[in-house]
Amino acid sequence: MKINRKYQIEKTASKDPTRYVLNDPYLDTSEIDKPVLVATDGRMLAVVPVEVLPEDMSGHVPVDAIKELRKDKSGKSEINLNGKVEVVNADKITRFTRPEGTFPNWKQVVPQGGEKFTISFNPEMLLRVAQAVGCEKGKAITLKFKGPLDPIKIETGNGAYGVLMPMKL
């Protein structure tokens, strides 16, 4: 698997040890032509496109493997996910244990459109989701709302998107 360096998907992964299935992003290869890496903490979610090798299998990807991949400034490193997790770069292979557990059905919280209206959300979380899906400083994002208490879809125009849960006032 290869991931664009601009994506910081780990910013939306949970850090709560009691929600361990959310602590590492999830590679979803269910749509063969659109593999994605998904991370959530239960309040926000990021979905970014990735390149996969034919042998890469859906499942959790350790945050530490993504951080190791990012250390290679050449951009030629990749994560092999064929039953084990290996970060391969020019001079070394680093192995990681692939986390287990059932990742939630993330697609059910993604808004599919609807009328637009004003809703409250935490701006710090919006920033983290925008960074996680590769939004660059000074670039526009699109917010899509379905209802006042439904999740907000954040699109960057680069194929990645995030989801943010609204705040109740």
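The values are calculated or read from the model by the stated rules, or taken from the named source; none is laboratory data. All values reported here derive from a predicted model rather than from experimental measurement. All Cβ positions, even for glycine, are placed from backbone atoms using ideal geometry, and neighbour counts span all protein chains on display.
Some notes on this structure:
- Output for the range 145-159, where each listed residue is touching a strand residue (DSSP E or B) at 6+ places or on another chain (Cβ under 7 Å) and under 18 Å from T40 (Cα atoms): P151, I152, K153, I154, E155, G159
- There is no residue in the range 71-90 that is under 23 Å from K168 (Cβ atoms), among the basic types (K, R), surrounded by fewer than 17 Cβ atoms within 10 Å (Cβ to Cβ) and more than 18 Å from the chain's Cα centre (by Cα).
- Extreme residue, surrounded by the most Cβ atoms within 10 Å (Cβ to Cβ), among residues of the range 120-169 that are among the β-branched types (V, I, T) and part of a strand (DSSP E or B): I154
- Meets criteria (closer than 24 Å to L126 by Cα and surrounded by fewer than 20 Cβ atoms within 10 Å (Cβ to Cβ)) for K15: yes
- Residue count for the range 90-111 under the criterion of being touching a residue at least 12 places away in the same chain (Cβ under 8 Å) and touching a Lys or Arg at 6+ places or on another chain (Cβ under 7 Å): the result is 4.
- Taken together, the residues in the range 71-101 that are modelled with pLDDT of 85 or more, closer than 11 Å to H60 by Cα and in a loop (DSSP other than H, G, I, E, B) amount to 6.
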